[in-house]
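Worksheet: the structure to be examined is printed underneath.
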Amino acid sequence: MIGSPGGVVIEGLALHWIKQMMDYPESAGGCFTSGGSVANLTGLYSGLINKAPWIKSDGLFGNKKPLVYCSDQTHNSITKALLLLGIGLKNIRVIETQEDFSINIDILKKTIENDKINTDNFPAIVIANAGTTNTGAIDDLKALYNIAKKNNTWLHIDAAYGGFARISKTTASELLVDINLADSIALDAHKWLFVPFEAGMVLVKNREDLKHAFSENADYLVDTQSVSEYQLMVNFWEYSFPMSREFRGLKVWMLINAYGREGLSNLITKNIFLAKYLATRVEEHPDLELMSSSELSIVCFRWRDSDEFYNKIIEKIQKNQKYYVSRTKLKGKSTIRVCIVNLKSDTDVIDRLIQEIENIVFTLAT
């Protein structure tokens, strides 16, 4: 039952525009979610039911177990989603990454072949990253599609952070051109469409896969679905877990309406340019070490031999409340992580950040 027809139409139109950005067919299904975590959960459940349809009647017990493949840079929400789906850690194959932190395709191929030969279980889902949280790495999406197709597995792409760079005017757009090959895509507008929480969304290439996974009938539910030319009037409860839903799509609709695809492309392109600028500043600095620089807007670096000051540097930056940076570890080294997704950031902000770090280190050393 549709309680807010206007809201449903607005969310349907926003999803229609998002599908165009991803070059997804208009027949694809989708819905707004609380964030990337639930978007991933929704896409993965759709894939699980598609590849193991008996789960709806028999559950996971007493049947061959579905196996899932992902890289060691995959977001922890994926692990939590798979555990909620009953997959179990023993059935999640974590694949090593390459020097650029993208999944190692050769190791993935060998792992799948080994599982097909030496286990009674079956490959069900391959997960790709379109912008890892740690470094912004983008997996080889075309190669992963070919692997998924060969092995009859579902291809899910976690594009919560990086997916919208597909519309940028950078090489990131080229790396993301094959995102439309995925069976499902998780996106999150609060990360790189500059809107507040909650603004996650999931797209599934075949809307019937999404509906088959989530639609359950009851006497008190009346199907009033009316499909228009753009399929904007949808009972979203049939395509997602919750029955009652917030009106999450308005802010995304307003943003796209205000800026348009071209305006958003320019803003995302600017963020990526600033990340390149920061990486260059780090490389030119005698006391800074560049740890990673992706084609997106994440740059990881450290003050050389700074483990003694590492936590204090980040604490001081955050305490001063001029910038927000996070911490991570790469190649066993403590690292400062900068993710630029602010539409107001410019090169002056980057220069002042470098100066801020210099001042903090000088203070700590004296």
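The values are calculated or read from the model by the stated rules, or taken from the named source; none is laboratory data. This is a predicted model, so every value here is computed, not measured. Cβ coordinates were reconstructed from backbone atoms using ideal geometry, including for glycine residues, and neighbour counts include every protein chain displayed.
Scanning the stretch 320-343 for residues that are touching an Asp or Glu at 6+ places or on another chain (Cβ under 8 Å) and crowded, with 17+ Cβ neighbours inside 10 Å yields one hit, SER334.
If I filter the stretch 99-106 for residues that are buried (at least 18 other Cβ atoms within 10 Å of the Cβ), over 23 Å from ARG166 (Cα atoms), assigned by TED's automatic domain parsing to the domain that holds HIS156 and modelled with pLDDT of 95 or more, do I get at least one hit? No, because not a single residue in the stretch 99-106 is buried (at least 18 other Cβ atoms within 10 Å of the Cβ), over 23 Å from ARG166 (Cα atoms), assigned by TED's automatic domain parsing to the domain that holds HIS156 and modelled with pLDDT of 95 or more.
Conditions tested, residue by residue: (1) under 23 Å from ASN134 (Cβ atoms); (2) crowded, with 18+ Cβ neighbours inside 10 Å; (3) in contact with a Leu (Cβ under 7 Å, 6 or more places away or on another chain); (4) hydrophobic (A, V, I, L, M, F, W, C).
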site: TRP303; (1), (2), (3), (4): yes, yes, yes, yes
site: SER306; (1), (2), (3), (4): yes, yes, no, no
site: GLN318; (1), (2), (3), (4): yes, no, no, no
site: ASP351; (1), (2), (3), (4): no, no, no, no
site: ILE354; (1), (2), (3), (4): yes, no, no, yes
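Restricting attention to the stretch 244-268, the residues being buried (at least 17 other Cβ atoms within 10 Å of the Cβ) and assigned to a loop (DSSP other than H, G, I, E, B) number 3. Taken over the stretch 267-293, residues that are hydroxyl-bearing (Ser, Thr, Tyr) and either under 13 Å from LEU353 (Cα atoms) or in contact with a helix residue (DSSP H, G or I) (Cβ under 7 Å, 6 or more places away or on another chain) (or both) amount to 2. Just one of the listed residues (LEU85, LEU60) is surrounded by fewer than 24 Cβ atoms within 10 Å (Cβ to Cβ) and modelled with pLDDT under 95, namely LEU60. Whenever a residue of the stretch 184-213 is on the phi > 0 side of the Ramachandran plot, its partners that are at pLDDT below 95 and surrounded by fewer than 24 Cβ atoms within 10 Å (Cβ to Cβ), lying with C-beta atoms within less than 6 angstrom and at least six residues away or across chains, give the pairs PHE194/LEU343. Please verify whether LYS333 is closer than 22 Å to THR280 by Cβ and of a type in the set (D, E, K, R), treating the condition exactly as stated. Spelling it out, LYS333 is indeed closer than 22 Å to THR280 by Cβ and of a type in the set (D, E, K, R). LYS56: within 30 Å of ASP115 (Cα to Cα) and without any contact (Cβ under 8 Å) to a residue 24 or more places away in the chain, yes or no? So LYS56 fits the description; yes. The residues listed here are ASN40, ASN134, ASN121, ASN91; of these, the one that is touching a Lys or Arg at 6+ places or on another chain (Cβ under 8 Å), in contact (Cβ under 8 Å) with a residue 60 or more places away in the chain and not acidic (Asp, Glu) is ASN134.
For the stretch 118-139, taking the residues that are surrounded by fewer than 23 Cβ atoms within 10 Å (Cβ to Cβ) and either assigned to a strand (DSSP E or B) or charged (D, E, K, R) (or both), the one that is modelled with the highest pLDDT is identified as PHE122.
Looking at ASP115, ASP106, which one is assigned to a helix (DSSP H, G or I), under 25 Å from ASN180 (Cα atoms) and acidic (Asp, Glu)? Answer to the selection: ASP106.
Quick grid of which residues meet (1) closer than 30 Å to MET21 by Cα; (2) of a type in the set (Asp, Glu); (3) touching a Pro at 6+ places or on another chain (Cβ under 8 Å):
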position	(1), (2), (3)
ASN271	yes, no, no
LEU288	no, no, no
VAL299	yes, no, no
PHE309	no, no, no
ILE313	no, no, no
LYS333	no, no, no
GLU356	no, yes, no
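Checking each residue in the stretch 308-362 for being over 17 Å from ALA279 (Cβ atoms), β-branched (Val, Ile, Thr) and in contact (Cβ under 8 Å) with a residue 24 or more places away in the chain picks out ILE313, ILE317, ILE360, VAL361.
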